[in-house]
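Below is one structure, written out as structure tokens, with a few remarks after it.
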Amino acid sequence: MSEHPVHTHPDPRCRELFARMSEYLDNELDGSLCREIEAHLERCHACKVCMTTLQRTVALCRQAGKAQVPDSLSRRLRELIGTLAKP
Ligand SMILES: [Zn+2]
């Protein structure tokens, strides 16, 4: 399996932010970083869509009684953000 690198994404901050989204959802990040993420989501549609998807998935996982979001989820979301970033 070969994955396309997401080097075409318009904002390199997205990938860094992306790695922190699950922590953000678990409220494990400090306040300034949370605000940074929220500010980014305000102006980045791709990240906002991904965050909405992630929030929904986390809610479903919790309903199902799982404490943690599976590792495969972050990989799937990374593919999603790559798709959204394409023109
Ligand atoms: Zn972004």
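The values are calculated or read from the model by the stated rules, or taken from the named source; none is laboratory data. These figures come from a predicted structure and were not determined experimentally. Reconstructed Cβ throughout: ideal geometry from the backbone, glycine too, with neighbour counts over all protein chains shown.
For the condition outside any helix (DSSP H, G or I) and either modelled with pLDDT under 75 or surrounded by 10 or more Cβ atoms within 10 Å (Cβ to Cβ) (or both), what is the one hit in Ala59, Ala46, Ala67? Criteria check complete, one pass: Ala67.
Within the range 1-37, track down each residue that is away from the ligand (no atom under 12 Å from the Cβ), loosely packed, with under 15 Cβ neighbours inside 10 Å and modelled with pLDDT of 75 or more. Listed by number, the residues that qualify are Glu23, Glu28, Asp30, Gly31, Ser32, Leu33, Arg35.
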